[in-house]
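See below for the structure under consideration.
The values are calculated or read from the model by the stated rules, or taken from the named source; none is laboratory data. No experiment lies behind these values; they were computed from the predicted model shown. Note that each Cβ is placed from the backbone with ideal geometry, even for glycine, and that neighbours are counted across all protein chains shown. Keep in mind that these areas ignore ligands, DNA and RNA; they rest on the heavy atoms of the full protein, side chains included. Shrake-Rupley method; radii C 1.70, N 1.55, O 1.52, S 1.80 Å.
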Amino acid sequence: DYAAIEPLLNSTRGVLAVVPHHAHYILSIVMMAERYREKRQVLLFYGRPEENPGNEVFDRLSHWFWGPRSNVGFVHDTPKGLATAIRALRSGALVFIMPDALRSEDHALAIPFCGRPISVMLGTPALARKTDAAVLPMISTPRGSGLAFETRFDEVVPVANEEILLTDDTQRRVADYRVMRRIFTFYEQFISVQMLYWQNARKHLSIDGEY
């Protein structure tokens, strides 16, 4: 049911659709991209397959489902890919990003999630702030049996204004941390009772101690 997000997706504002590796997340991305690709450019932003084995499947999605002139594209988490995503969001694109993929522990912060700490990057709110894009949390959940699924959406998460935080790095990181807490709190209500459908479940459950 896309009714709640139709006003946003029918506007000219760029949208960061923030989706975890849960249930049929690829199908949720494909269905949403198919729905809106004629109205705006659609991009999937993710880690390079050379550094993230298995991500090569995303490189093939465009050819499998659409083709070169479909208005759907895929960019890697590189300086060139980031520049492409920024330009696209400023032009009103829909960009999918997966915040439960960790690029580096050195640049991550821990938040409580399903009784244990999870390390998250702060790139999502930073990207939204640079582009004035709306941050839209979404999650794919199983429904019935087989490939049946449902895509759930949260409300747009507000991101602190760039000008206010420009000179205060600590204040900016705190604000971005709150955004990620809000996003993962939304995910937790589903993943906490559907943990086996989450790609990172084994790694997360192996962490000792409560948080």
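Residues are listed down the side, and each one gets a yes or a no for (1) of a type in the set (S, T, N, Q); (2) open to solvent by 10 Å² or more (accessible area, probe 1.4 Å); (3) touching a residue at least 24 places away in the same chain (Cβ under 8 Å):
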site	(1), (2), (3)
ARG87	no, yes, no
ILE97	no, yes, yes
LEU102	no, yes, no
HIS107	no, yes, no
GLY115	no, yes, yes
ALA133	no, no, yes
PRO142	no, yes, yes
ALA148	no, yes, no
VAL159	no, yes, yes
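Which numbered condition in (1) open to solvent by less than 60 Å² (accessible area, probe 1.4 Å); (2) part of a loop (DSSP other than H, G, I, E, B); (3) modelled with pLDDT of 95 or more is the only one that PRO137 fails?
(2)
Report, ordered by the first and then the second residue, all pairs with beta carbons closer than 8 Å, sequence separation of six or more or different chains, a first member in region 1-13 that is more than 21 Å from LYS130 (Cβ to Cβ), and a second member that is open to solvent by 50 Å² or more (accessible area, probe 1.4 Å).
TYR2/ARG35; ASN10/LYS39
For region 117-131, how many residues meet the condition of being among the aliphatic types (A, V, I, L, M) and either assigned to a helix (DSSP H, G or I) or open to solvent by 30 Å² or more (accessible area, probe 1.4 Å) (or both)?
Residues that pass the stated criteria total 4.
Mind checking whether some residue in region 25-47 is among the polar types (S, T, N, Q) and part of a helix (DSSP H, G or I)?
Within region 25-47, one or more residues are among the polar types (S, T, N, Q) and part of a helix (DSSP H, G or I).
Report whether or not GLU188 is at pLDDT 95 or above, part of a strand (DSSP E or B) and open to solvent by 30 Å² or more (accessible area, probe 1.4 Å).
no
Does PRO99 satisfy the condition of being touching a helix residue (DSSP H, G or I) at 6+ places or on another chain (Cβ under 7 Å), closer than 21 Å to PHE186 by Cβ and in a loop (DSSP other than H, G, I, E, B)?
Yes, satisfied.
Condition check ((1) over 26 Å from GLN199 (Cβ atoms); (2) touching a Leu at 6+ places or on another chain (Cβ under 8 Å); (3) open to solvent by 50 Å² or more (accessible area, probe 1.4 Å)) across all residues:
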residue	(1), (2), (3)
ALA3	yes, no, yes
HIS22	no, no, no
LEU27	no, yes, yes
MET31	no, no, yes
